[in-house]
Every structure is written in C-alpha cells, then in structure tokens.
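Coordinate-derived values only; no laboratory data. Since this is a predicted model, take the numbers as computed values, not measurements. Here the Cβ positions follow ideal geometry from the backbone for every residue, glycine too, while neighbour counts run over all protein chains shown.
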Amino acid sequence: MRIRYQPALRFAALFIFFVTTFSHGAAWTYTGPKGVQHWSKSYPFCGGVFQSPIDLQTPMLQYDSSLVPIEVHNYNLPAHEQLTLGNNGHAVKLYLPSKMYILGLPNRYSAVELHVHWGSPSIPAGSEHTIDGKRFAAELHVVHFNSDKYSNVSVATEMSDGLAVLAVLIEVAEFNPAFDQLLKFISGVKFRDQKVQVPAFNIRHLLPLRLDQYYRYDGSLTTPPCYPSVLWTVFRNPITISHTQFLTLATAIYSSREQEPVPVPLDGNYRTPQSTDERVILVSFREGWAPPRSLSLTPPITRRRVIQNLLSGDLGDLADDGISQLLPSLGRKLGVSSKPTGHNKQNHWRQNFPIQSGATPPFWKLPPATSSVGQLGLYEDSLCYVSIEQNVIKRLKGAPGGGRLVDVLREVLFPELNLRSYLHCRSELTLPTIRYLLRSRASDEAQQLERSLMKADRRPWKHPTERAFRKQQQSVLEEEAARDKVRPHPWPLGVEWED
C-alpha cells in the first residue's frame with residue numbers, strides 16, 4: 001500500500017511546489033545570491049534576448065519622422081481623488097486609475113502604475129537606461145497596458161504588444177514640487193508591503209515639458225519575469241529633483257518588512273544595461289542621430305512575429321501583403337537593401353502579425369533550442385548565417401563526398417542557423433529556411449505562400465512532387481560526384497551585418 005501511494009505523494013509535492021512558485025513567484029533582489037546576475041535561474045526570460053534597459057548609443061539611432069508627440073489624457077487628477085502608494089520591497093509604486101491613457105502609439109494604452117529606480121545616498125546614479133554610457137540619478141517609469149486589445153494588465157504583460165512604458169530620466173538639480181507629492185507621504189511606506197492613501201495630483205507634472213522628443217524601441221520588463229512585452233518611450237529631456245529630495249528617496253525606504261529585526265535599506269534598485277541585440281532605436285528628433293546604416297533592419301519584434309506566423313499563424317496575411325518584408329533581399333545585390341522600415345510599417349506589421357493565442361505558445365515564449373547547432377559550436381553571436389555557410393562550403397569543397405554533406409547540411413542545419421541569425425538581426429530569411437519552417441503546415445497553405453514567394457522573386461512556380469523532388473536531388477548528387485566539386489549556391493544569400 002505504501003508503494004501504491006508514493007506516486008500520488010510525489011505528484012502532490014510537485015503540485016504544491018508549482019502552485020507556490022507560480023502564484024507567489026520566486027524571491028529576487030538586486031544584489032546577493034538572488035541578485036540581477038541570478039534572475040535567469042528562476043525567470044528564464046531575464047537571460048534571453050530583447051531585454052531592457054539598454055544604453056542608448058548615438059551611432060545606433062535612426063530618425064523616424066512618423067513618430068508623433070506623446071499625448072497624455074486625464075493625467076490631471078483632482079486632489080479629492082485618493083491614490084494608493086505602496087512599497088513592494090523593490091520600489092515605491094503609485095497605482096494609477098485606468099482612466100489615464102496615452103495616445104501616439106499603435107494602440108490606446110491605459111495607465112497602471114508609476115515607480116522609481118534610484119542609486120545610493122553616496123552615489124546618485126541609479127537610472128536604468130543610459131545615454132552614451134551616462135547614468136542619471138534616477139528614472140521614473142509610468143506603466144500602461146494595451147487596453148484596446150487586452151482586458152487587464154495581467155493578460156497584457158505576457159503579450160508582445162501588451163505594455164508601453166514612459167521612461168523619464170532624473171537629474172539632481174532644482175527642487176521638483178510634483179515629485180514632492182510622493183516624497184511627503186513616503187514615511188507611510190517605509191517598509192515592504194506597507195501601503196498608504198495619498199491625494200491625487202497632476203501626473204503630467206512628473207513628465208518633461210517636451211513630449212515630442214524621445215527614444216523608441218522594443219524591449220522588456222526591467223524586473224522579473226522580464227517578459228519582452230514593452231514598447232519603450234524614453235524621453236530625451238530629463239526632469240530634476242533637489243539633492244534633499246534625492247536623499248529622502250534613497251534613505252527613507254527599506255526592502256525588508258517592519259517586523260524583521262535588521263532593516264535592509266532599499267537603494268541601488270536598478271538593472272544594468274542589457275545587450276542591444278542589434279535592435280533598432282528610433283528617435284523623434286533630428287539632432288544627434290546617426291545616418292541610417294546601408295542595410296535594412298526589420299525590427300526584432302517583427303521578425304519574431306514572422307516566424308510565429310510561419311510556424312502556426314495565418315499564412316494568408318504573409319502571402320497577400322507581406323512578401324516584400326518577409327524577403328527584403330530577394331532580387332537585390334548582396335549587401336544592398338532598402339531604407340530602414342519606419343514606425344508606420346512597424347504598426348502595420350503589429351496588426352498583421354499578432355501573437356497567436358491558443359494551444360501554440362508565442363514564439364518568444366518557446367524554450368531555447370536544444371539542437372545540434374549549439375553542440376557543434378558552429379553558431380556564435382559574432383558570426384551570421386551567411387558567414388558560417390560560406391565557410392563550411394569552402395572547407396568541404398573538393399573533399400570526397402563534400403557535395404553530399406553540404407546537401408545534408410542545407411536540409412536541416414543551415415535553415416536552423418539562418419533562423420537564429422535572422423532572429424538576431426544578422427541575416428534575412430532564405431527560401432530554404434521558409435520551406436523548412438513550413439514543413440509542419442498543411443500543404444495547401446504552404447503552396448499558397450510558395451506561389452507568392454516565387455511571384456515576388458519573378459521565378460516560375462512549380463509544385464514538385466515528392467518523387468520529382470527525390471529524382472532531382474539524385475540527379476544533382478550524381479552530377480556532383482562526377483564533377484567532384486560543390487555546386488554554386490542556388491538561392492539568394494541573406495543580407496549580412498557589418499559589425
């Protein structure tokens with residue numbers, strides 16, 4: 001009987017573990033054994049790509065004339081209205097009413113809360129985003145969720161277009177009356193989990209005067225679980241607070257609870273800049289931006305949606321309207337491409353390639369690949385798919401059976417390398433990779449996209465049967481064996497970044 005109940009007990013233990021883990025979340029801090037460097041152990045996305053914050057470097061900026069000024073609505077809250085100020089152990093949060101919203105983005109985003117990140121009393125440098133390596137004293141985040149598409153922030157947080165955050169950099173200089181509306185009640189939330197009701201005020205006064213100058217990029221939450229679901233707007237011009245105000249913020253708060261014997265100060269609650277992953281950083285202002293690079297760069301979030309659609313989404317959208325964006329290198333000379341896509345096109349692709357709901361998880365939420373690519377050591381971040389493929393073919397050229405081995409690699413390994421390189425913005429997709437991704441789709445869907453691809457490439461489309469395909473492959477192999485050399489590359493190469 002005891003043996004019979006052991007599986008049930010193990011199941012119960014696992015159930016309790018998962019319930020407690022996912023309902024309350026794993027504990028995390030900014031320093032120590034559960035600090036920033038260890039977040040990815042409990043929150044895998046924190047170790048992934050498209051993370052925030054980043055260093056906004058001038059050479060990476062691209063001016064976009066379609067970026068309109070941010071419009072804030074209902075930010076001027078009446079003083080008789082009460083707001084909740086709280087300390088969650090990581091930051092001080094002011095919870096905002098959803099009647100506050102912003103326009104000037106692809107959708108309407110309603111307010112959720114605002115919070116602050118800051119440095120230490122001795123080092124007033126705690127902003128999360130930096131500009132050309134410069135860190136500011138603090139940074140204010142006003143968090144909004146996509147209320148046009150999602151019912152609440154909990155649902156939106158896990159969606160690629162779910163959140164929009166306004167980031168305000170803070171310098172130590174002049175006294176800020178609006179910021180004092182938070183600080184004068186801060187003693188009520190000295191310890192973790194404490195909350196207090198405060199009178200509302202004009203939240204607009206916490207933002208810079210100019211809402212038309214900002215940086216824009218796709219990123220993530222800067223705290224666990226680090227979901228890459230944030231459209232970031234980092235205002236160019238900082239606001240100021242006095243030195244006394246900064247010291248109040250940096251010395252009056254504890255990350256520990258009141259009943260704990262040793263209070264732990266809450267300061268230095270910022271995440272350091274993450275890898276840019278070759279993301280596009282658009283700017284709404286002309287001064288200080290670098291000329292666009294000679295190569296096109298489809299935004300990373302668009303690339304993820306393209307792959308998601310190829311795997312499980314609606315191929316009709318791709319076939320009807322997205323071929324030129326799907327394969328921008330078709331018909332072009334290697335190393336030459338069109339101008340960078342603008343924000344309007346990003347909006348268009350956000351609408352055409354939504355993250356699919358249902359049984360298939362979003363592509364950015366799939367677990368990391370565990371194929372032979374990493375085991376073989378062929379893929380490195382510093383190399384793109386084109387470089388790897390050309391290098392492999394060059395090494396195999398002239399070797400006995402080299403042509404056959406190249407064909408095998410082109411069947412599985414090269415498409416996977418191309419896929420990873422595409423997601424890292426180092427290459428464009430090739431036709432074999434697209435066919436590789438379409439293998440699991442219904443044949444009629446795949447054929448529809450195939451016709452459109454061939455039409456875009458100005459090549460006659462013929463649907464090869466399995467027998468004809470095998471016969472063609474055998475003919476090619478026999479020809480190669482006779483000539484004892486590797487045949488030329490039969491498809492257009494992807495566009496390679498020059499690092």
Q | In segment 34-283, lysine pairs with alpha-carbon atoms under 30 angstrom apart (chain gap of 8 or more, or interchain) | A | 19
**Q.** Cα gyration tensor category, rounded, prolate or oblate, for segment 102-178 with a/c compared to 1.5
**A.** prolate
Q) Roughly how many nanometres apart are two label points built 7 Å out from the Cα toward the Cβ at residue 98 and residue 440? A) 3.4 nm
Q.
Skipping prolines and chain starts, which residues have an amide H placed within reach, meaning under 5 Å, of the one on residue 83, given they are 5 or more residues away or on another chain?
A. 198, 200
Q | Alpha-carbon Debye profile of segment 24-97, log10 I(q)/I(0) at 0.17, 0.18, 0.19 Å⁻¹ | A | -1.00, -1.01, -1.01
Q. Using modelled backbone amide H atoms (1.01 Å from N, in-plane), which distant-in-sequence or interchain residues come within less than 5 Å of residue 266's amide H?
A. 253, 254, 255
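I need the calculated FRET efficiency for the pair residue 447 and residue 57, taking r as the beta carbon distance and R₀ as 60 Å, to the nearest 0.05. Please report the intermediate quantities before stating the final value.
Values: r = 45 Å, r/R0 = 0.74.
According to the calculation, E is roughly 0.85.
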(Q) What does the extension gain come out to for residue 244 and residue 264, with contour length at 0.36 nm per residue minus their alpha carbon separation? (A) 5.1 nm
Q: Output ³J(HN,Hα) for segment 156-161: one whole-Hz value per residue in order, computed from phi by the Karplus curve 6.51 cos²θ - 1.76 cosθ + 1.60 with θ = phi - 60°, and x for Gly and Pro.
A: 5, 4, 8, 9, 5, 10
**Q.** Amide N of segment 228-262 lying under 18 Å from the label point, which is placed 7 angstrom from the Cα of residue 27 along Cα→Cβ
**A.** 254-262
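In whole angstrom, how long is each semi-axis of the equivalent ellipsoid of segment 161-242, when you take the square root of 5 times every eigenvalue of its Cα gyration tensor and sort them from largest down? Display every interim value, and only then the final one.
Details: eigenvalues 120, 80, 25 Å².
Working from the Cα gyration tensor, I get semi-axes of 25, 20, 11 Å.
In the calculated pair distance distribution of segment 34-283, what percentage of Cα-Cα distances lie above 33 Å? It would help to have the intermediate numbers written out before the result.
Values: 4005 of 31125 pairs.
So the pairs more than 33 Å apart make up 13 percent of the total in segment 34-283.
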Q: Could you give log10 I(q)/I(0) at q = 0.21 Å⁻¹ for segment 52-171, computed by the Debye formula over C-alpha point scatterers of equal weight, without solvent?
A: -1.33
Q. In whole Hz, what ³J(HN,Hα) sequence does segment 251-258 give by Karplus (6.51, -1.76, 1.60; θ = phi - 60°), x for Gly and Pro?
A. 10, 8, 10, 10, 8, 9, 7, 5
Q: Round to a whole angstrom and tell me the spacing of the C-alpha centers of segment 195-246 and segment 162-176.
A: 4 Å
